[in-house]
Amino acid sequence: MTRITETPAWAALAEHQQAMSGVHLRDLLADDPQRAQRLTVDAGALFTDYSKHRVTDETMRLLFELAETAGVRRMIDAMFAGEKINLTEDRAVLHIALRAPADATIIVDGENVVPGVHAVKRRMAEFAEQVRTGEWRGATGRPIRTVVNIGIGGSDLGPAMAYDALRAFSKRDMAFRFVSNVDGDDMAEALLDLDPAETLFIVASKTFTTVETITNATTAREWLLAGLGVGPGSSPEAGYPGDVGDVGDVGEGDAVARHFVAVSTNTAKVAEFGIDTANMFEFWDWVGGRYSYDSAIGLSLMVAIGGLAFDEMLHGFHEMDEHFRTTPFERNLPVVMALLGIWYHNFFGAETLAILPYSQYLGRLSAYLQQLDMESNGKSVDRSGRRVDHATGPVVWGTPGTNGQHAYYQLIHQGTRLIPADFIGFLAPQHDTRHADGYRHHDLLMANFFAQTEALALGRTRDEVVAAGVPGHQIAHRVFEGNHPTTTIIASQLTPGVLGQLIACYEHKVFVQGVIWDVNSFDQWGVELGKSLAVRIEPELVAADEPVLTHDASTNALIRRYRAARGR
Ligand code: F6P
């Protein structure tokens, strides 16, 4: 099969890049002010300005041609039709079914999956309501005050990110914690001040075999039983308040049933762990872990924000799905964002993508997008197994503005690397924090938001620096080359629906890039090797007798050092 790099569309872009490499955004913006109107996309509630990119109409035409050549349209249709486009795992890729309306029909293996999705959602909503109203009681009859989600990767990052993002909509008299790391310090800190009688654990794991999650869930169960005094459990060092109430003749099983629910595709493993499968919320193998927080994996989020707000979020996802499915590429936001990424990663050698949300509530967005993007497109063979001959997924990183401005923006402005960045901002804040004289935080935040993309694009020339009277020895140091490309995404406010649109937009962006790079964006074999080695090394760390180590010299020496330090 022809590689994408062998197509005329790729060659035309490579040639065009030669012409564009010397073009400065300062000139593009000055010579064609209309580009600020033209190079924009309205998608649902998201307004996107991509006029601060090193592109012309011709660049975009060539990029859209590349998308056509790569078969993006055909693959969009295949995904929405439930075709098994996850070839290595022989699975459909249907996160879009999680937010499809009840009357939609999406067939997998001869069955319409939509009714099942809505049935689980109804059960989730009932459960969430019971917990929120206090109708759901712990083993001693007390209502739940804290929900602890135990999961990792897609079973943690999504709900954790979305809980932070939508905190303003959450039930404030309840607390929500997310434990993911197998580092016992994570669990110990999470449990430190909790009362087991008022704590509910949601064990979220697609496979229910992930060692970190099962280890953490086992620790949590022992803590609970020891705390309630109904089991021999060995509690972690973290303590808990003495008075947990009266457990009466509640047995271990009943206590676990009142304090543990599971979210998984694996009923057998959930039962084996000891969670009543009546308290299990199911999802399906056609939902990838990193695409799953709008499935039952979002249960903790639903308890936090309630069923209605969760539905509003799903509606936002669906709106973006429809935009993506039906809009011509020229006005299709995920397609445009994907192509801009391809332009820099493949034709300018840019290696990273900065995600810079100007909202404190989006503090975990880039961590979430790291998994979405890097686990999806961090691949080096194409869908048929050949080594690719082009760069694939970028390194994704970032933190909320304005914090980053006082940390690493220096490198973006004046370093030697080209770092495209997505700036995400909101017209209205959740809290209109202001001073007595009316001075508002949000105006200053947004002034920074606009200032940064302007500074990155235009820079500051030597002449401007000289004209500003800068002393001679500082001149070179205070020049800003500019020409740094940015996308500006603005929505009116960070609501559940807007969050859904934003996340779906990035999901589809990653999809389009994967299609153009011809990689399978839906498997993650790259995490397996380290996992299996850890399973082998763990017994070697704890063995009473000196184990025979057959690793490389470095690993053997490190293991010996650890054993010695632990007195083994
Ligand atoms: O190891 C990677 C991974 O499989 C991710 O893709 C996934 O999100 C995470 O582990 C957690 O998996 P699970 O939900 O099955 O516990």
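For the stretch 42-72, give me each residue that is part of a helix (DSSP H, G or I) and surrounded by fewer than 15 Cβ atoms within 10 Å (Cβ to Cβ).
Hits for the stretch 42-72 are ASP57, GLU58, ARG61, GLU68.
Can you find a residue in the stretch 433-444 that is polar (S, T, N, Q) and surrounded by fewer than 16 Cβ atoms within 10 Å (Cβ to Cβ)?
Yes: the stretch 433-444 contains one or more residues that are polar (S, T, N, Q) and surrounded by fewer than 16 Cβ atoms within 10 Å (Cβ to Cβ).
Can you work out which of the residues in the stretch 523-540 that are of a type outside the set (A, V, I, L, M, F, W, C) and within 27 Å of the chain's Cα centre (by Cα) is nearest to the ligand (Cβ to nearest atom)?
My answer is GLN524.
Rundown of residues vs (1) more than 23 Å from THR495 (Cα to Cα); (2) surrounded by fewer than 20 Cβ atoms within 10 Å (Cβ to Cβ), yes/no style:
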| site | (1), (2) |
| --- | --- |
| VAL336 | yes, no |
| LEU356 | no, no |
| GLY363 | no, yes |
| GLY385 | yes, yes |
| THR416 | yes, yes |
| PHE426 | no, no |
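Test GLU111 against the criterion of being within 16 Å of the ligand (Cβ to nearest atom), closer than 29 Å to GLN524 by Cβ and surrounded by fewer than 20 Cβ atoms within 10 Å (Cβ to Cβ), and give yes or no.
Considered against the rule, which asks whether it is within 16 Å of the ligand (Cβ to nearest atom), closer than 29 Å to GLN524 by Cβ and surrounded by fewer than 20 Cβ atoms within 10 Å (Cβ to Cβ), GLU111 comes out as no.
Select, from VAL470, VAL519, the only residue that is within 16 Å of the ligand (Cβ to nearest atom) and either touching a residue at least 12 places away in the same chain (Cβ under 8 Å) or over 28 Å from LYS84 (Cβ atoms) (or both).
VAL519
Between a first residue in the stretch 130-156 that is of a type in the set (Val, Ile, Thr) and a second residue that is within 16 Å of the ligand (Cβ to nearest atom) and in a helix (DSSP H, G or I), which pairs have beta carbons less than 8 Å apart while being 6 or more apart in sequence or on different chains?
The qualifying pairs are VAL147/SER300; VAL148/ALA220; ILE150/THR213; ILE150/ASN216; ILE150/ALA217; ILE150/ALA220; ILE152/GLU212; ILE152/THR213.
Out of all the residues in the stretch 314-328, is one or more aliphatic (A, V, I, L, M), in contact (Cβ under 8 Å) with a residue 12 or more places away in the chain and in a helix (DSSP H, G or I)?
yes
What tally of residues in the stretch 177-223 results from selecting those that are small (Gly, Ala, Ser), within 11 Å of the ligand (Cβ to nearest atom) and surrounded by fewer than 23 Cβ atoms within 10 Å (Cβ to Cβ)?
1
Give the stretch 480-516 a look and list any residue that's closer than 30 Å to PRO159 by Cα and outside any helix (DSSP H, G or I), or say none.
Residues satisfying the conditions are THR486, THR487, THR488, ILE489, ILE490, ALA491, SER492, GLN493, LEU494, THR495.
Return only the number of the condition from (1) more than 28 Å from ASP254 (Cβ to Cβ); (2) in a helix (DSSP H, G or I) that GLU129 does not satisfy.
It fails just one condition, (1).
Readers should treat all values here as calculations from the given coordinates under stated rules, not as data from a laboratory. All values derive from a computational prediction rather than experimental measurement. Cβ: placed from backbone, ideal geometry, glycine included. Neighbour counts: every protein chain shown.
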